[in-house]
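The values are calculated or read from the model by the stated rules, or taken from the named source; none is laboratory data. No experiment lies behind these values; they were computed from the predicted model shown. A quick note on method: Cβ atoms are made from the backbone with ideal geometry, for glycine too, and the neighbour counts reach across all protein chains shown.
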């Protein structure tokens, strides 16, 4: 065991110089529930947490920093001192933690703003009214429907009303702009009544606005019922043109209702929460369902999160439901820390039982996946990246059990012809996309014959040595991969894993297994296989990586083999050895170009002599005679 003085000597220079002192203080804490409060040198509160056993939880922060997430390490670097509050139960600690976080808003806790304002649907007061969104009411004679707490609901309702009843959405002012320009594209494709054309009767426009108002007030089913009754009345009065317009609106409403079933589920009221991680941050998406229908959605961008994903989900849930209504069911995309305590906390907030669920299959699991994909898309858009690749990288990280999505992936493949011209290719994928500037090629130097395991060991050994040489540069070989994927199964992984472990570098290692048709089938984890069939985005990404590394390696092998054949052709000429043959090919590129060169041009190549050049021309003439 180390003494406290010995412990202090192990603290790296770039870490908190008070780490030893803080750890000694933490080791004296009681093994009872409570809340701990981290403060910096200015006495500002920077983090608040709760613990079932204060001593165990707090001392973890001030031990080895290797296993901590980056945000935890940064927080620990700024801790000057801490204090704590004892509670009788862990639940009391959770409630107190939520209250203190809301009061002090510490820098390193997940903080959500309660910026949910009211929203309205506005039917403007003008000769040709419009249906628009509004954030506040004004004394302008317009009709305001609401208030609504969801901007998503308002925007969706306005879009549906304008599309079904063909209300103009352009910036033209009527009747001022009637007949002053050609109708827009919306009129051409039947999405606008086009009053600008001058051929629309005013009563038809007013009728559409009245029907839109009924729809917005009563909903789809009530609107269909009223419009059907009016359509039948018009048909009885032989007003067939008007009846046809009503029929078209009924069909539009029915199509919209069918489309809404895509985002409906059997659970009447619930929230679905999922997160996606990528370069530069985390996005948490919330789908809110009422009446079995998706009625609202929210996204929250976080720069990074404290600790692991179960802790992140728990912190988010505590903060989110301190500013939002609690549903009877909260469906999440993975494990949550202290689930039973959270359910008790939410039940207290709601006044009734609340269930936190992690679905594994069926409709609920598909909803979670849809929510996660939307989170990935939102994160990608915010960071200027492609949503599909963000979702794929995030899904692959989860599938392999990694702490973070593998933003920087290296993949290796060996290629040879019956043990001859043994080479390897390395491709790099950054954030799910090929980074061709980082691709590298290897000629196998220490392995003879067809020994893929030995060749792969040589390549990985050389890669790790190159990292030690260039790690201060942070690019190319100086950048450490989050994940290495070998084109091969368990044998390849077992052959290479001891090298990774001996290096002490935090690199995840897996193999890519093919089926009998040379298509990607599974991931080899060194003793078992992880199926890719249920993870479509991850399957596509791994397949793309495997195809690309195979293409890159075999292309290099073919070019290497061709070059060797060409060099062999030249080394048969007296005076031309391997070095001169390589120099000639480097300079002239092809055999025909070499044979077409003059003696003077051949002599200009480094290492060439006039005698050797004349021998090349002699071989040329001999070949021609033969």
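Miscellaneous remarks
- Extreme residue, nearest to residue 215 (Cα to Cα), among residues of region 127-148 that are in contact (Cβ under 8 Å) with a residue 40 or more places away in the chain and not in a strand (DSSP E or B): 129
- Qualifying residue in region 45-57 (condition: assigned to a loop (DSSP other than H, G, I, E, B) and either over 26 Å from residue 302 (Cβ atoms) or in contact with a strand residue (DSSP E or B) (Cβ under 7 Å, 6 or more places away or on another chain) (or both)): yes
- Residue within region 353-365 that is on the phi > 0 side of the Ramachandran plot and assigned to a loop (DSSP other than H, G, I, E, B) present: no
- Summed over region 298-329, residues that are buried (at least 22 other Cβ atoms within 10 Å of the Cβ) and touching a helix residue (DSSP H, G or I) at 6+ places or on another chain (Cβ under 7 Å) total 4.
- Residues that are out of contact with any helix residue (DSSP H, G or I) (no Cβ under 6 Å at 6 or more places or on another chain), in contact (Cβ under 8 Å) with a residue 24 or more places away in the chain, farther than 17 Å from residue 409 by Cα and in a helix (DSSP H, G or I), drawn from region 499-550: none
- A Cβ distance below 8 Å, combined with a sequence gap of six or more or placement on separate chains, defines the contacts here; from region 599-626, residues that are surrounded by fewer than 16 Cβ atoms within 10 Å (Cβ to Cβ) reach residues that are part of a loop (DSSP other than H, G, I, E, B) and at pLDDT 85 or above in the pairs 603/609.
- Note on region 184-197: among residues that are modelled with pLDDT under 90 and either in contact with a helix residue (DSSP H, G or I) (Cβ under 6 Å, 6 or more places away or on another chain) or in a loop (DSSP other than H, G, I, E, B) (or both), the one that is surrounded by the fewest Cβ atoms within 10 Å (Cβ to Cβ) is 189.
- Set 523, 554, 500, 530: member being over 30 Å from residue 376 (Cβ atoms) and either at pLDDT below 90 or surrounded by 15 or more Cβ atoms within 10 Å (Cβ to Cβ) (or both): 554
One line per residue, one yes/no per condition, for (1) more than 30 Å from the chain's Cα centre (by Cα); (2) surrounded by fewer than 18 Cβ atoms within 10 Å (Cβ to Cβ):
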position	(1), (2)
33	yes, no
39	yes, yes
45	yes, no
55	yes, yes
61	no, no
70	no, yes
75	no, no
79	yes, no
89	yes, yes
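- When the helices (runs of 4 or more DSSP H) confined to region 559-626 are screened for residues that are within 29 Å of residue 442 (Cα to Cα) and either modelled with pLDDT of 75 or more or touching a helix residue (DSSP H, G or I) at 6+ places or on another chain (Cβ under 6 Å) (or both), those reaching at least 2 such residues are found at 578-588, 591-596.
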